[in-house]
Amino acid sequence: MQRIPLARPAWDEAMRDAALKVLDSGRWVKGPENQAFAEEFAHWCGAIAATPCHNGSAALIAALRILSIGPGDEVIVPSLTFIATATAVSLVGATPVFVDVERDYWCIDPAEAEAAINKKTKAVIGVHLFGQAFSPRLREICDANNIALIEDAAQAHGTELEGKRAGSIGDIACFSFFPSKNMAVGGEGGMITTTRPDLAEKMLRFVNHGRNDALESVELATNLRMSEVQAAIGRVQLKAIDEWISKRRKNATEINQGTKIRPNSQHSWHQYCILSENPSILINELSAAGIDAKIHYPTPCHRQAVFANHHQHGTILPVTDDIASRLVAVPVHPGLNQEEVERIVTTLSSAKETN
Ligand SMILES: Cc1ncc(COP(=O)(O)O)c(C=O)c1O
């Protein structure tokens, strides 16, 4: 019996051909593949512009800098997320302010975010956690308070909220192409998108030393460009993404463990997480059936050692602290075959009976 991994990155002849074509051409950086990938990705998610970059973490740092966020500023973030959401804020010299998540959907709680806004607040980073769209209230709250909404869409290629795809909901959005994500680029990779004409030019400049058309650096930035090989692979993957997301949705429907989906949204099921009363028993039972499973994220950001000196370190965020160590991710990726989906479904239902 073959083990079922939590992710199975797609790789085929078309991707291999695209990569080899770039290598054979000798045009390895700053070429047509990056340009085309940016345009195709922006078009696909409904943004006005996009730029490929090193990875999702670099995309977040860039987004904050593009919004001129730095020392003395505060940025509101959920504590239940991958650490990069929060460390990006610290790395630009600003302070992350941690808030709790919604009990039903596990995304940043808009009421908590609103309550945390003060004169220093410059932005909210909404994370579409596991592919679940964050609340549409966030957009209204940010607009009413004249602050930016940054989408952490690292886990949300294909997520939709009120008819808009992730990448076109916030002022600026950040994607990751880490191999386990909904789509990948054959290595490290990320994408920044924007819906704001006044940010587009700065965003395109930012990944290239802040240089303008005359090749003069007009602001402090660095080289965050993606390699042409990665962009070429990404373009091939982008052609398949809609089909892969449909497959994730179909698998999620079969797994059907009662995970709630926000009304007026489409989940993209980067992860299928189950809120378990006995996570270690569940993980052991899945493992015995040859199924990989993992807790996401056992230590919320505000409790991690990197934030030991943060004023909220060790404070209680009731929902986050209650659920963080109980969210068990099971495989839901489009690479699952029918036998594997059935094995996951059967194992989960017998685990339910024995627990
Ligand atoms: C929510 C979230 N934000 C940011 C990142 C960072 O992306 P990357 O690993 O490409 O730097 C990830 C990816 O792991 C993520 O899941």
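Structure above, values below:
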read-out: Residue among Arg27, Arg8 that is over 30 Å from Lys120 (Cβ atoms), away from the ligand (no atom under 13 Å from the Cβ), not aliphatic (A, V, I, L, M) and not assigned by TED's automatic domain parsing to the domain that holds Pro110; value: Arg8
read-out: Within the range 65-82, considering residues that are in contact with a helix residue (DSSP H, G or I) (Cβ under 6 Å, 6 or more places away or on another chain) and of a type in the set (A, V, I, L, M, F, W, C), the one nearest to Glu228 (Cα to Cα); value: Ile66
read-out: The range 150-180: number of residues that are assigned to a loop (DSSP other than H, G, I, E, B) and crowded, with 24+ Cβ neighbours inside 10 Å; value: 12
read-out: Answer residue from the range 237-271, given it is assigned to a helix (DSSP H, G or I) and charged (D, E, K, R) and is surrounded by the most Cβ atoms within 10 Å (Cβ to Cβ) among those; value: Arg248
read-out: Single match in Ile192, Ile274 (criterion: crowded, with 16+ Cβ neighbours inside 10 Å, modelled with pLDDT of 95 or more, outside any loop (DSSP other than H, G, I, E, B) and away from the ligand (no atom under 16 Å from the Cβ)); value: Ile274
read-out: Identity of the residue in the range 156-184, within 10 Å of the ligand (Cβ to nearest atom) and not small (Gly, Ala, Ser), that ends up farthest from Ala252 (Cα to Cα); value: Cys174
read-out: Set Ser280, Ser350: member being in a helix (DSSP H, G or I), in contact (Cβ under 8 Å) with a residue 24 or more places away in the chain, polar (S, T, N, Q) and surrounded by fewer than 21 Cβ atoms within 10 Å (Cβ to Cβ); value: Ser350
read-out: Output for the range 167-205, where each listed residue is closer than 20 Å to Val124 by Cβ and aromatic (Phe, Trp, Tyr); value: Phe175
read-out: Subset of the range 237-282 that is on the phi > 0 side of the Ramachandran plot and among the polar types (S, T, N, Q) - its residue that is nearest to the chain's Cα centre (by Cα); value: Asn264
read-out: Number of the condition not met by Gly234 [criteria: (1) of a type outside the set (Phe, Trp, Tyr); (2) in a strand (DSSP E or B); (3) under 17 Å from the mean Cα position of the chain (by Cα)]; value: (2)
read-out: Count of residues meeting criterion [of a type in the set (A, V, I, L, M), in contact with a helix residue (DSSP H, G or I) (Cβ under 7 Å, 6 or more places away or on another chain) and either outside any helix (DSSP H, G or I) or not assigned by TED's automatic domain parsing to the domain that holds Thr259 (or both)] in the range 300-347; value: 5
read-out: Count - residues of the range 127-147 that are in contact (Cβ under 8 Å) with a residue 24 or more places away in the chain, assigned to a loop (DSSP other than H, G, I, E, B) and surrounded by fewer than 24 Cβ atoms within 10 Å (Cβ to Cβ); value: 4
read-out: Qualifying residue in the range 137-146 (condition: touching a helix residue (DSSP H, G or I) at 6+ places or on another chain (Cβ under 7 Å), β-branched (Val, Ile, Thr) and within 16 Å of the ligand (Cβ to nearest atom)); value: no
read-out: Answer from Val97, Val101 - the residue that is buried (at least 20 other Cβ atoms within 10 Å of the Cβ) and more than 18 Å from the chain's Cα centre (by Cα); value: Val97
read-out: Enumeration of residues in the range 46-59 that are within 16 Å of the ligand (Cβ to nearest atom), assigned to a loop (DSSP other than H, G, I, E, B) and not polar (S, T, N, Q); value: His54
read-out: From Val77, Val29, residue being in contact with a Ser or Thr (Cβ under 7 Å, 6 or more places away or on another chain), under 30 Å from Thr315 (Cα atoms) and among the β-branched types (Val, Ile, Thr); value: Val77
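Residue-wise test of (1) in contact (Cβ under 8 Å) with a residue 12 or more places away in the chain; (2) within 16 Å of the ligand (Cβ to nearest atom); (3) buried (at least 20 other Cβ atoms within 10 Å of the Cβ); (4) in the same structural domain as Ala148 (by TED's automatic domain parsing).
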| residue | (1), (2), (3), (4) |
| --- | --- |
| Ala38 | yes, no, yes, yes |
| Phe41 | yes, yes, yes, yes |
| Gly72 | yes, no, no, yes |
| Gly93 | yes, no, no, yes |
| Cys107 | yes, yes, yes, yes |
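Residue-wise test of (1) assigned to a helix (DSSP H, G or I); (2) more than 16 Å from the ligand (Cβ to nearest atom); (3) within 21 Å of Thr194 (Cα to Cα).
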| residue | (1), (2), (3) |
| --- | --- |
| Asn34 | yes, yes, yes |
| Trp44 | yes, yes, yes |
| Ile61 | yes, no, yes |
| Val75 | no, no, yes |
| Leu80 | no, no, no |
| Ala88 | yes, no, yes |
| Pro96 | no, no, no |
| Glu114 | yes, yes, no |
| Ile125 | no, no, yes |
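The values are calculated or read from the model by the stated rules, or taken from the named source; none is laboratory data. A quick note: this is a predicted structure, and the numbers were derived from the prediction, not measured. When we count neighbours, we look across all protein chains shown, and the Cβ atoms used for this are built from the backbone with ideal geometry, even at glycine.
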